[in-house]
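Heads up, the thing below is written out as structure tokens.
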Amino acid sequence: QVQFVESGGGLVQPGGSLRLSCAASIRIFSFLDMGWYRQAPGKQRELVASIGTRGSTSYIDSVKGRFTISRDNAKNTVYLQMNSLKPEDTAVYYCNKAPPSPQYWGQGTQVTVSS
């Protein structure tokens, strides 16, 4: 059974940092483009960052220069380093393939940026 398990969220003050991790239980992980997504209260889920099989990355404008996505294929893990966090980054963060497969959504990890 394929699973993506997110971790690393929490409560952080504005300007702080968090590193999210996503462990994937899928044998073909290294052949997948992966993404980090987030859903804020009352809003649709959005793609925040993605990383290709060869390491190419892309970001939405609001996180460029602050967030960094990376992957470790030996560990079947994708990461999201988040710096200079803002209150508007508050959301539940998920990982999935890019584009996502509906059956692979996990529980996500809550990120709350507040003073």
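The values are calculated or read from the model by the stated rules, or taken from the named source; none is laboratory data. Fair warning: this is a prediction, and the values are worked out from it, not measured in the lab. Every residue, glycine as well, gets a Cβ built from its backbone with ideal geometry; the counts of neighbours run over all protein chains shown. Quick note on the areas: whole protein, heavy atoms, side chains included, nothing else; ligands and nucleic acids left out. Shrake-Rupley method; radii C 1.70, N 1.55, O 1.52, S 1.80 Å.
The table below gives the values:
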| item | result |
| --- | --- |
| Residue in the stretch 38-51 that is out of contact with any Phe, Trp or Tyr (no Cβ under 6 Å at 6 or more places or on another chain), part of a loop (DSSP other than H, G, I, E, B) and hydrophobic (A, V, I, L, M, F, W, C) present | yes |
| Cβ-Cβ under 7 Å pairs, at least 6 apart or on other chains, the stretch 78-105 side closer than 20 Å to ASP33 by Cα and in a loop (DSSP other than H, G, I, E, B), far side among the aliphatic types (A, V, I, L, M) and open to solvent by less than 10 Å² (accessible area, probe 1.4 Å) | ALA98/MET34 |
| Exclusive hit being within 16 Å of ASN96 (Cβ to Cβ), among the hydroxyl-bearing types (Ser, Thr, Tyr), free of Cβ contacts under 8 Å to residues at least 40 places away in the same chain and surrounded by 12 or more Cβ atoms within 10 Å (Cβ to Cβ), set SER58, SER50, SER62 | SER58 |
| Selection from the stretch 1-37 of residues that are in a loop (DSSP other than H, G, I, E, B), of a type outside the set (S, T, N, Q) and within 18 Å of LYS86 (Cβ to Cβ) | GLY8, GLY9, PRO14, GLY15, GLY16 |
| ARG71 being more than 18 Å from VAL113 (Cα to Cα), open to solvent by 30 Å² or more (accessible area, probe 1.4 Å) and not in a strand (DSSP E or B) | no |
